[in-house]
Each structure stands twice: as structure tokens, then as C-alpha cells.
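Notes for the one structure printed next.
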Amino acid sequence: MSKCTCQFETILQYSSPARGGWSIVRYAMQVPESYQLFVGPAACMRHIMLSSMELKIDHRISWLFIKESDIVSGSYEQLILKNVDELLSQMTPRPKVFMIFTTCIDNLLGTDHDVFLKPLNEKYPDTKTIVCFMNPITGEGPTPPAITIQDSIYSLLKKSEVRERAVNCIGNHLPIREDNELICHLKQHGFQVRHISQYQSFEQFQEMGQSVLNLVLSPLALYAAKQMKKRQGIDYLYLPVSYSFAEIEKGIQLVCDRLDIEPLDPTDARRQAEQALEETRKELNGRPVSLDYEATYHPFSMAHLLLTHGFHLDTIFSGECIPQEQREFDWILERHPEVNIVQPDQYTMLGKRRNEEDHLCIGFEAAYYIGSPHVVPVAADAEQYGFSGICLLMKRMAEENARSYDLEQLVKDSGLVV
């Protein structure tokens, strides 16, 4: 692999066996008491079926295979109506939410969703039936499936006149840990911190519609937050994960100002992060580190953190540089030209695997291309947020430094790649 050419290209893509993140299925499964029906050609359904079985959630999903004759005959909408009606009539108890996932053919056909949504919601008023999208052809547009599913999920919250002393964290797959400095500060000032994963019933989930503020912790949920402000009247702050000390402190201050609570002094939290970085650097003792953009939404921010604290960073695998990271990207190019920056999704990457077992790899795809069994198995930043998130990353790096994995089995066990 050569050093970075500083150009990210959108060309014919290759997906390595270790590429992937949370699937649309898994996102949607966070809605309590929900059920999914995927409608599409058999070829589109195959990987969804297999991944749901690996995650052991196939009891909450059905599949409706569409043939070419169903499309050309014009019976597509009626076919969906008939099958969903039959399915709901046999379910005991019925789900609170029934999600009909359509594929790319839905975009091409210009489907009138009201043909089946209206009669289904009238016949089964206790089940909210909605349409969701699994249409990869929108992947390069402003609203790909990973973004629209966030909007679909939070559109289920009813508008409430009640405003409780609570904030929602949205966009993060896993809840931020309880020892996070911002979470602790909010709770000390009487605020509940809510995340979709904490709810077991659809009724309880409605609490999120009564919060005063959404904290948007990943780019995927920004569109949903904007729609929630229009629909439910809940304001938001866009505070995605950052590995910059200055950005973390700025985010904490913004939250305190918006909620009109006393500022949080970040001195202790920052000191703990600095200490964790130094201890982990010594633990690795110069060991090469590589990372990828499936492990974090902000690979260049993470890389900047590691480089400025003396880690031996070898390779960054990323398909793009988002505008928020341009400063860190330029800094790496200027100050550390020895660091490889590789676009892993190019077709030219097929067969380009190294065999460097001494590396510590943050992320599955980095481990695949580097060829190392030493993996920090995180995706989409996991629970890593703020100064405590940096401490958690360092803890994981130190722990995995002494471990080895069978990467193929690790990928399967993670349930991340679909």
C-alpha cells in the first residue's frame, strides 16, 4: 500500500469481508414491540435473512419475495396489502409497530404507499404501520437508508405538550456510559438522560417525546433531529463524537448553556484522559496502530489524538474526509506524511492484504487489510464519548494489546457485518 494520494474517489466499490456496521434491521429493532416485513426480490433479501439469523432476531422479521410478474402486473401494492393483512390477523399479540421495508424497486415504481397504509392502519388501529426504506441506490444522496431509518424510528414519537427535565441522546447505537462526565453533570442537575435502548415497551419509549432537548451524537441522526424539531417541537444540539479536547470542552459548555445549568469544570476529566493516553502509549511500547472508518465516524480526529500523544500510527483506512475533519486531515498530511491513508472501498483493494501481525488494529476492516489478530472490536465509536470516551478507548487498546483473535469468527460474533 502506498502513501495517501490525498484524493478520495467515488468509483466501482469493493466490500471486504470485514466491512460493515449496524444493519438497517438492527437499527429498526431498537423500537420496542416492533415487527419488520421486508418486501423485495429474493436476491435482495438473502443477506438480510442471514444477518438476522446470526443476530438471533429472525423471530421479529418476515420476508415477502417479489417476482418480476408481480411488478409488471401492477399488483405490487395490493400484494403488500394482502400479505400484511394476513400476517397481522394471525399475530398474537400484535406488535405496536409494523415496519414495511421496501427496496430499490420501490423508488423505480413510484409506489403509492397510501394504498396499503391507510386500510391497514384503519383495520388495526392499535398497530402503527409505517413504510421504511432499504434502498441502497440512494446511498450517495442526502438521505440514504442509514439516515432515513433514524427519522422513521423517531417519527413514532407522539407530539407532547409535556416537557420533562430530560434530554435524549440520539444517533449513538449504544448508550453513553454512566461514568461520562457530561452524563454525570446532567444527572446532578436533575436531568434524566434517555436513549432508545433503555425501553422495553412502546409506551415507555414515548417518554422520549417529552424531553426538552435532543443531543445528536452522530451524523446519521442529524436529519431525524431536524424533523423532530418540526414534528415534536424538540430542539437539538449537534454534538457528534470528537477526539479533540477543545471540541469536547466546547460541547459540554454548549449543553450547559442551552439547559441553563452551571458550567462543568472539565479539569479532572481532561487530566484522566491525558493520564490514560500516557499509560496506554507506554503499554504499547511503540507498537504500530492502524484504524478504520467503521470503528469511528471521525477517523482523522482519532488519528490526530493518537499522533499528538506519541502513538505510532501506521495506517488510516477511510472512504472519505468529512468537512468537520478537514483540519485534522490537512494536519496529518503536513506533519505526518509517513502515515498511510488508504481508501478501502476501492475495487483496486481486492487482494491487497498485508501480513503484519504485530499491529494493533482499531476496527475490523483495519485488521482485515493489515492481517493482524490484535483487534480493538469497536464500531461507530461504541460508547466512546467525551473525555471518558477517550479513557474507554485507551482501556480497550491496552486490553486488546495482549489478545489475539480469529478475525473471521470475531466478525461473525459481532453481528456487525451484513
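For residue 314, the residues whose modelled amide H falls within less than 5 Å of its own, excluding neighbours fewer than 5 places apart on the same chain, are 289, 290.
For residue 230, a cut-off of 20 angstrom between C-alpha atoms picks up these aspartates and glutamates, skipping any fewer than 8 places away in its own chain: 151, 161, 164, 207. Here the simple spin-label model places points 7 Å from the Cα toward Cβ, and for residue 212 and residue 250 these points are separated by 2.5 nm.
3J(HN,Hα) along region 306-319: 5, 5, 6, 10, x, 7, 8, 8, 9, 9, 10, 9, 8, x Hz, from the Karplus curve 6.51 cos²θ - 1.76 cosθ + 1.60 with θ = phi - 60°, whole Hz, x for Gly and Pro. Ranking of 132, 184 by neighbouring Cβ atoms within 10 Å, starting from the fewest: 184, 132. Residues within the reach of a label modelled at residue 140 (point 7 angstrom out along Cα to beta-carbon, backbone nitrogen below 20 Å), restricted to region 333-375, are 343-350.
Report the calculated FRET efficiency for residue 59 and residue 231 (r = Cβ-Cβ distance, R0 = 22 Å), to the nearest 0.05. After rounding, the FRET efficiency stands at 0.10. Here 404, 388, 51 are placed in order of increasing Cβ neighbour count within 10 Å, fewest first, which gives 404, 51, 388.
Between region 134-209 and region 29-103, what is the separation of their alpha carbon centroids in Å? Distance between centres, Cα-based: 25 Å. Measuring r between the beta carbons of residue 404 and residue 308 and using R0 = 25 Å, the FRET efficiency lands at 0.30. A 28 angstrom limit on the alpha carbon distance is what I want to check against. Which of 96/412; 226/412; 352/412; 250/412 exceed it? Too far apart for the 28 Å limit: 96/412; 226/412; 250/412.
I need the shape label for region 32-154. Rule: rounded when a/c is under 1.5, else prolate if a/b > b/c, else oblate, with a, b, c from the alpha carbon gyration tensor. Verdict is rounded for region 32-154. Using 0.36 nm per residue and subtracting the Cα-Cα separation, the extra length available between residue 265 and residue 158 on full extension is 34.9 nm.
Sum up the charges of everything whose Cβ sits under 15 Å from the Cβ of residue 227, counting Lys and Arg as +1 and Asp and Glu as -1, but leave residue 227 out. It works out to a net charge of +4. Of the trypsin sites (Lys or Arg not before Pro) found in region 1-104, those that fall in a DSSP loop while having at most 14 other beta-carbon atoms within 10 Å are 3, 56, 67. Relative contact order for the chain: 20 percent, from Cα pairs under 8 Å spaced at least 6 residues apart, divided by residue count.
From least to most packed, judged by other beta carbons within 10 angstrom and beginning with the fewest, 14, 293 follow the order 14, 293.
Where a number appears in this text, it was derived from the coordinates with a stated rule and is not lab data. The shown structure was predicted, so the numbers you read here are calculated from the model rather than taken from an experiment. Cβ sites come from the backbone with ideal geometry, for glycine too, and all protein chains shown count toward neighbours.
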